[in-house]
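Here, each number is a calculation from the coordinates, and none is a lab measurement. Because the structure is a prediction, the values reported are computed rather than measured. No Cβ is skipped: glycine too gets one built from the backbone with ideal geometry, and neighbour counts run over all protein chains shown.
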Amino acid sequence: MALDHNAQPILELRGIQKSFDRGTGVPLRVLEDINLDIRPNEVICLIGPSGCGKSTIMRIFAGLIEPTQGQVRYRGQKQAGLNSNVAIVFQGFALYPWMTVEANVENVLVAKGLDPAEIRERTNRAIRMVGLEGFEEAYPRELSGGMKQRVGMARALSVNPEILFMDEPFSQVDALTAEGLRAEILDIWDDVERNPSSILMVSHDIKEVAYMADRIVVLSANPGRIRTIVENTLPRPRDTRSPDFTRLVD
Ligand code: ADP
Ligand code: MG
């Protein structure tokens, strides 16, 4: 499906500024003048140096934290509080070690108040999507890094999010496994149902970003600002040996 640049954005950040009060009396200015939208049917990647505010932008989009200034809009309306139409795959795995694979996925659906039949169906579907059938009763400690991240993905996909956020999802997964997972995520996303509609991924790996993204948002630090937004027009599947992207790396 081709990108429609005139489509109304699903989520927008308008004039976002974020400071953290560190208890020193001098707030830390983390984000400045952030204007960014997530459009339907796109993979958008945030890349930039450590500490430039990538995770903070993602949290503001998801409504996990409030900006100091500026507005978050969901489908044109001001967003207040948590956005239940998005899901996050967190950096690290953030799994409950005492819960099985299945229970880790079911947990978020229970918290959403869904009925048991629906929970069962969605859990099974999500576990199937990420190829974890047969591991329902396993505990996180019995799984490899790549499989743990599959659980994180299943948990996020189980809520049928409109937008899937992934915060450096492969930072604790070996390179070869990460390569496979990236391709699988695009396969899932590219499914006819296009569900989730869009993906926002935070990364510090330029090759990963070149492979995944339709749009690449390059941030600079102290405070975090948008340096440039690049459209990635190479057709999928992308050959990340292309020298086109090296100019983005400092
Ligand atoms: P990135 O994900 O790009 O590495 P973050 O968004 O995690 O960066 O953090 C940006 C800056 O904000 C860092 O200096 C970090 O220490 C600071 N920061 C993030 N969250 C908080 C918080 N809850 N309280 C205080 N400072 C924070
Ligand atoms: Mg981060």
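Tabulated data for the structure shown
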read-out: Considering only the chain, percent of DSSP beta bridges that pair antiparallel, nearest 5; value: 50
read-out: Per-peptide average of other Cβ atoms within 10 Å, ordering 231-237, 119-125 highest first; value: 119-125, 231-237
read-out: Extended-chain gain in nm, criterion 0.36 nm per residue less alpha-carbon gap, residue 50 and residue 128; value: 24.7 nm
read-out: Interchain or long-range residues, amide H under 5 Å from residue 132's placed H; value: none
read-out: Residue-averaged [θ]222 nm for the chain, counting only DSSP H segments that reach four residues, each worth -39500 (n - 2.57); value: -8500 deg cm²/dmol
read-out: Range of Cα positions in segment 63-149 per principal axis (Å), largest first; value: 46, 30, 21
read-out: Residue 22-residue 233 pseudo-label distance in nm [points 7 Å out on the Cα-to-Cβ vector]; value: 4.3
read-out: Separation in nanometres of the label points that stand 7 Å from Cα toward Cβ, at residue 82 and residue 195; value: 2.1
read-out: Unsatisfied cross-links (Cα-Cα over 20 Å) in the set 112/148; 18/148; 18/78; value: 112/148; 18/148
read-out: Ellipsoid equivalent to segment 50-205 - semi-axes via the Cα gyration tensor, in Å; value: 25, 19, 15
read-out: Local electrostatic count, residue 106, Cβ distance below 14 Å [Lys/Arg +1, Asp/Glu -1]; value: -1
read-out: Relative packing of 212-224, 15-27, which averages over residues the other C-beta atoms within 10 Å, highest first; value: 212-224, 15-27
read-out: Two-site label geometry, residue 98 and residue 115: point separation in nm, points 7 Å out along Cα→Cβ; value: 3.1
read-out: Burial ordering of 198, 158, 50, fewest other beta-carbon atoms within 10 Å first; value: 50, 198, 158
